[in-house]
Structures are given as C-alpha cells and as structure tokens.
Amino acid sequence: MTKAYMLINTEIGFESDVVKHIRNLSLGNVKINDVSELYGVYDIIVAMEAPSIDDIKYAIPKIRKYGNVRNTTTMFAIDDSTKAKTSSPTSP
C-alpha cells in the first residue's frame, strides 16, 4: 500500500466545509484514513492510502479542485518495501 499525506490551505473560515467535502468524496481505490483541522501554517491534513501512487495521483486533483481549497502539498510516505528498492550509497 502507498500512503500519502496532504496538507491543505483553505479560504479563511471554510476549514470545516472542506473537511466535510473531503470526507464525502468518492476517490476510487483511495481510502481516506483521517481528515483533521490544524492550527498553524496549514489548515487541514489528510491521511490516505491506496494500492499505488497512481491511485493517489488520481485523487489529488479531485481534492484540489474544490472551490475553497487555496493550495495543497502532498507527501508520499516511504515504507520498508520502498527503501529496499532504492539504492543507497555504500560505506567504504
């Protein structure tokens, strides 16, 4: 499974509206594990998972296009299976 976290900035005063919208979205193979309002630089965090990165890439524009979303930052989690596929520098 691929996990991702999306940080969202909303229009002022529309945080709860965006949270409700995301919870009701149909995103195909993407499972929304959590949607929470935040204090700080970002207004909302979305934790999601799907069988592939492509599934999550499908979901990103569906969340972004909602009218009260100003901008998003999406981060993909690295799990042990991903680490094993990447080459790491060898030590002397």
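The values are calculated or read from the model by the stated rules, or taken from the named source; none is laboratory data. Everything numeric in this text was worked out from a predicted model, so none of it was measured. Virtual Cβ from ideal backbone geometry, glycine too; neighbours counted across all protein chains shown.
Here residue 21 meets the list (1) within 13 Å of the chain's Cα centre (by Cα); (2) crowded, with 16+ Cβ neighbours inside 10 Å almost entirely, failing just condition (1). Being at pLDDT below 95 and of a type outside the set (S, T, N, Q) is a property that holds for residue 85. Assessment of the range 48-61 against the conditions (under 25 Å from residue 24 (Cβ atoms), surrounded by 10 or more Cβ atoms within 10 Å (Cβ to Cβ), touching a helix residue (DSSP H, G or I) at 6+ places or on another chain (Cβ under 7 Å) and modelled with pLDDT under 95) yields no matching residue. If you check residue 77 against the conditions, is it at pLDDT 95 or above and surrounded by 12 or more Cβ atoms within 10 Å (Cβ to Cβ)? No; evaluated as a whole, the condition is false for this residue.
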